[in-house]
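> Take this structure first; my questions come after.
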Amino acid sequence: MTDSSNNEVAEIACIFVNLGAPEKQAEVMASQLIKRAEQIAQERDISKVEATESLLKQVLEARRGS
């Protein structure tokens with residue numbers, strides 16, 4: 001992984017840790033979320049940032065039980 005990839009994973013993992021996930025699990029979840037965001041970005045011809053934001057919103061909505 002590159003430094004920027006590591007930073008992305010660390011930043012998103014921090015969100016998952018704040019939501020109550022154990023650190024190791026949060027890192028795995030963050031890595032998977034980023035991979036999926038890359039796939040969605042290609043499929044929908046949107047930026048990776050937009051795709052990541054959309055996925056994080058879904059995670060937060062699910063966490064709230066919406």
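> Look at segment 50-66 and say how many of its residues are open to solvent by 80 Å² or more (accessible area, probe 1.4 Å), without any contact (Cβ under 8 Å) to a residue 24 or more places away in the chain and not hydroxyl-bearing (Ser, Thr, Tyr).
Here the count works out to 6.
> In segment 39-49, what count of residues is obtained for those that are surrounded by fewer than 13 Cβ atoms within 10 Å (Cβ to Cβ) and either in contact with a Cys (Cβ under 8 Å, 6 or more places away or on another chain) or part of a helix (DSSP H, G or I) (or both)? Quick ask: steps written out before the conclusion?
Initial filter on segment 39-49 (surrounded by fewer than 13 Cβ atoms within 10 Å (Cβ to Cβ)): 39, 42-45, 47, 49.
Still in the list and also either in contact with a Cys (Cβ under 8 Å, 6 or more places away or on another chain) or part of a helix (DSSP H, G or I) (or both): 39, 42-44, 49.
Final tally of qualifying residues: 5.
> Out of everything in segment 19-38 that is outside any helix (DSSP H, G or I) and not hydrophobic (A, V, I, L, M, F, W, C), what residue ends up being nearest to Val9 (Cα to Cα)? If you could, list the steps in order and put the result at the bottom.
Filtering segment 19-38 down to residues outside any helix (DSSP H, G or I) leaves 19-22.
Remaining after also requiring not hydrophobic (A, V, I, L, M, F, W, C): 20, 22.
Details: Gly20: 16, Pro22: 14 Å.
Per the stated criteria, the residue is Pro22.
> Ser54 - would you say it is more than 19 Å from Ser4 (Cα to Cα), assigned to a helix (DSSP H, G or I) and polar (S, T, N, Q)?
Yes; evaluated as a whole, the condition is true for this residue.
> When you check Glu11 against the structure, is it in contact with a helix residue (DSSP H, G or I) (Cβ under 7 Å, 6 or more places away or on another chain), of a type outside the set (Ser, Thr, Tyr) and open to solvent by 60 Å² or more (accessible area, probe 1.4 Å), yes or no?
Values: in contact with a helix residue (DSSP H, G or I) (Cβ under 7 Å, 6 or more places away or on another chain): no; of a type outside the set (Ser, Thr, Tyr): yes; open to solvent by 60 Å² or more (accessible area, probe 1.4 Å): yes.
Criteria not met by Glu11.
> Sticking with this structure for a sec: Just for segment 1-29: of the residues that are in contact (Cβ under 8 Å) with a residue 12 or more places away in the chain and of a type in the set (Gly, Ala, Ser), which one is nearest to Lys57 (Cα to Cα)?
By that ranking, first place goes to Ala13.
> Of all residues in segment 18-35 being over 16 Å from Ser4 (Cβ atoms) and under 8 Å from the mean Cα position of the chain (by Cα), which is surrounded by the fewest Cβ atoms within 10 Å (Cβ to Cβ)?
Gln32
The values are calculated or read from the model by the stated rules, or taken from the named source; none is laboratory data. Bear in mind the structure is a predicted one, so any value in this text is a computation, not a measurement. Virtual Cβ from ideal backbone geometry, glycine too; neighbours counted across all protein chains shown. Please note that ligands, DNA and RNA were not included when accessible areas were found on the heavy atoms of the full protein model with its side chains. Shrake-Rupley method; radii C 1.70, N 1.55, O 1.52, S 1.80 Å.
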